[in-house]
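Down below is the structure, laid out as structure tokens.
The values are calculated or read from the model by the stated rules, or taken from the named source; none is laboratory data. As the structure is a prediction and not an experimental result, all values here were calculated from the model. Reconstructed Cβ throughout: ideal geometry from the backbone, glycine too, with neighbour counts over all protein chains shown.
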Amino acid sequence: MRDCGLLVNRAFQLCAALRIITLPSTVTELGRGAFFGCNRLIELQLNEGLRIVGEPAFQLCAALRSVTIPSTVTELGDAFCNCRNLSEVILQGGKRLLNEEFVDCGFQRDDQGLLDQEAIDDMLLDEDGDFAFDGCPLDFVKISVGWAVTERMARLPRECMLSVEERIHNSNRLELQQDGNVLACFHVGKPSQFFLGLFVPRANAEDDSEDEAEDDTVEVRDTNNETAGSLRQILQMIAFHEIKESPSLEQRLMSSGHERPEDDRCPICFLLIGFPVGKLSSMNVCCMKRVCKGCTWAARQHGMPAICEFCRTPHPHRSSQLAMIQKRADKGDAEAKHFLGMDYLSGGHGLVKDVPRAIELLAEAAELGSINAHSLLGMLYYNGEQGVKEEKPRGIHHWQQASMKGHVGSRHNLGIVEYKNGNHQLALQHWIISSKMGCEDSMKNIQKMSRATKAQHDEALMGYLDAVEEMKSPQREEAKRHELSAQQHRLHKLPDADLRSRAGPAAPPPLPSTTSSPRPFSACRPRFTAGSTGPRGPELVGQAAVGGVMPGARPGETFSTVQTISRESPVLLGAPAISPPRQGATRTTQTQGTKRALSRSSGALTSLGWVWGGWTGAGRFGTSVPGIHTFSS
């Protein structure tokens, strides 16, 4: 089907062999009788973007049993008349068809009603009052209420969510789908069937006369506000669990997960693997153990390049790796299920990409305790990636579960979420925790947001440096040097033309900025000279670059990553060349180890950026983060 806005009238009329229809999102309107009389049509998928369904687009489609109407559809007319087997209709536009005032009142006013009668009539009745599903054996129309229920359920602990789901299953007016969406059911009938507020099913309704039946129009109603009452009970139950669990969840989130899990340690050298973990280690599918590059390099140096460093199993051929992963996954190995889920997500190991199967495997791995599966599910749901429906509350819930078990990336991402929501102090607490576990991006964000006190900054910086030091080993440093030299060797072997093509075209000169918004951290390049005035206060006292000898220094004395500045003039990473210090400048010699002195009268330049002298906890270059660093594992 070609991309177009309108599917012309009678385009597929009386196509008796047509069984499955999937309309692309580019189709916004169906012409009159587009699929009239397709009596073997059994499956119909209408995507978001469709607005108008012409009359009678699907009339006499006798084999059609269920249809889901997207939330963008505003006009149906009598599109599905006389589909004699159509018994289920789901309307996704809950926000438009339900009474928002009823929701705003906390579902306390039954007299107001849940169903917006005017909106539902405008959608399901044409100008002559004909019902869109007239002649169909419908007793209920189901309207999605996921925006009011599903998102809040996803934030609850699992045991609380299961109790709410059980309550929904026991309700006669609510229905829980497999994907977690909740549907509210409303009666369909003629006015004569709603007698004294009681609904008489259409099969049992008395047909006094054909003329009277013809005069009655079909309506959708919430009899005695039964659906509203059922939904109110569910929302009250969710609110109770939210009140009960909110303080304890926040306390558990901040008091647990301060140490990385044992799975982040190399099983051979027992040292924590550095970041990014995927780059500095490799997963062996034979035992599903992640081994650091240092131990892999040491094993090769000892003549064991073709066997697993942990279980001593010969490395399997790529064609047999999938079978080994599948075997371990079938036995309930959480990491194997996580690994297999990633293969289905990306089409790895020759598998056909299957996102629903990947989500299923990742959910099973998360239930078995895989924090990496929790983190990946959080990323998929929060960002709506890989075709997964965006559900930010569900993504945050997965990140919370992973953070409480020590997952660094999830903790960092929670900080980003809280920062975007305006909870800067809560974001700072998350980033301090992840910084002390070795997350460089969290440390950068703490320095950029400029809301931490000196004590908080020093705590995060010292914790970060200690964590980085603990992840070092001679074998890992040797492996890093070997990998770097191998890359340089490959580049040197390339011809000049190939090198130029890899480098790409020259970057254009930066455009002059006309706004006062803060620049990204790496783009800040202050060009101060001795005696010049900085952008925020007094003049600069002196400058020193990374490494080098200061004029007038004693023999053997070097200046490393240290600069003397005034208390009110921050100097960012990328300071200009060395200039002599003025009288009174402080000299600091290079020290060893992770415990580095922080002077209140000087700024220390680390690999992360400048540590401000004269720290007061106030912002030094704006009150907002110029650019938030996202975590890469």
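List of remarks:
- Residue match in segment 312-330 (condition: of a type in the set (Gly, Ala, Ser), farther than 22 Å from residue 265 by Cβ and surrounded by 14 or more Cβ atoms within 10 Å (Cβ to Cβ)): yes
- Residues in segment 121-172 that are closer than 22 Å to residue 226 by Cβ, modelled with pLDDT under 85 and in contact with a Ser or Thr (Cβ under 9 Å, 6 or more places away or on another chain): 150 alone.
- Annotation: of all residues in segment 280-311 being touching a residue at least 24 places away in the same chain (Cβ under 8 Å) and charged (D, E, K, R), the one that is surrounded by the most Cβ atoms within 10 Å (Cβ to Cβ) is 309.
- Selection count, segment 369-388, where residues are surrounded by fewer than 15 Cβ atoms within 10 Å (Cβ to Cβ) and either in contact (Cβ under 8 Å) with a residue 12 or more places away in the chain or in a helix (DSSP H, G or I) (or both): 4
- Residue satisfying all of: in segment 38-53; crowded, with 20+ Cβ neighbours inside 10 Å and assigned to a loop (DSSP other than H, G, I, E, B); nearest to the chain's Cα centre (by Cα) among these: 50
Quick grid of which residues meet (1) in contact with a helix residue (DSSP H, G or I) (Cβ under 9 Å, 6 or more places away or on another chain); (2) hydroxyl-bearing (Ser, Thr, Tyr):
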| position | (1), (2) |
| --- | --- |
| 251 | no, no |
| 258 | yes, no |
| 279 | yes, no |
| 282 | yes, yes |
| 299 | no, no |
| 303 | no, no |
| 310 | yes, no |
| 319 | yes, yes |
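- Residue that is nearest to residue 185 (Cα to Cα), among those in segment 117-170 that are of a type in the set (S, T, N, Q) and under 24 Å from the mean Cα position of the chain (by Cα): 144
- Search result, residues across segment 424-433 that are without any contact (Cβ under 8 Å) to a residue 40 or more places away in the chain and closer than 20 Å to residue 378 by Cα: 426, 427, 430, 431
- Here the condition is being in contact (Cβ under 8 Å) with a residue 24 or more places away in the chain, within 30 Å of residue 459 (Cα to Cα), assigned to a helix (DSSP H, G or I) and of a type outside the set (D, E, K, R); of 231, 253, it holds for 253 alone.
- Subset of segment 261-275 [of a type outside the set (Val, Ile, Thr), assigned to a loop (DSSP other than H, G, I, E, B) and within 14 Å of residue 295 (Cα to Cα)]: 266, 267, 269, 270, 271, 274
- The listed residues are 278, 294, and the only one of them that is among the small types (Gly, Ala, Ser), under 18 Å from residue 469 (Cα atoms) and not in a loop (DSSP other than H, G, I, E, B) turns out to be 294.
- Scanning segment 451-481 for residues that are of a type in the set (Ser, Thr, Tyr) and surrounded by fewer than 21 Cβ atoms within 10 Å (Cβ to Cβ), we see that the one that is nearest to residue 277 (Cα to Cα) is 473.
- Exactly one residue out of 78, 111, 116 is surrounded by 15 or more Cβ atoms within 10 Å (Cβ to Cβ) and either within 21 Å of residue 173 (Cα to Cα) or modelled with pLDDT of 85 or more (or both), and it is 116.
- Inter-residue pairs, beta-carbon under 9 Å, first without any contact (Cβ under 8 Å) to a residue 40 or more places away in the chain and in segment 118-146, second among the polar types (S, T, N, Q) and crowded, with 16+ Cβ neighbours inside 10 Å, 6+ apart: 119/99
- Looking only at segment 263-279, and only at residues there that are over 22 Å from the mean Cα position of the chain (by Cα) and under 18 Å from residue 435 (Cα atoms), the one that is surrounded by the fewest Cβ atoms within 10 Å (Cβ to Cβ): 265
- Hits in segment 333-359 - residues which are part of a loop (DSSP other than H, G, I, E, B) and either among the β-branched types (Val, Ile, Thr) or surrounded by 22 or more Cβ atoms within 10 Å (Cβ to Cβ) (or both): 352
- Residue selected from segment 13-37 under the condition assigned to a loop (DSSP other than H, G, I, E, B), among the aliphatic types (A, V, I, L, M) and modelled with pLDDT of 85 or more, by the criterion nearest to residue 56 (Cα to Cα): 34
- All conditions in (1) among the β-branched types (Val, Ile, Thr); (2) under 24 Å from residue 88 (Cβ atoms); (3) without any contact (Cβ under 8 Å) to a residue 24 or more places away in the chain hold for residue 52, with the sole exception of (3).
- A single entry from 124, 174, 156 fulfils the requirement of being of a type outside the set (Gly, Ala, Ser), surrounded by 15 or more Cβ atoms within 10 Å (Cβ to Cβ) and out of contact with any helix residue (DSSP H, G or I) (no Cβ under 9 Å at 6 or more places or on another chain): 124.
- Filter result for residue 60 (at pLDDT below 90 and part of a loop (DSSP other than H, G, I, E, B)): yes
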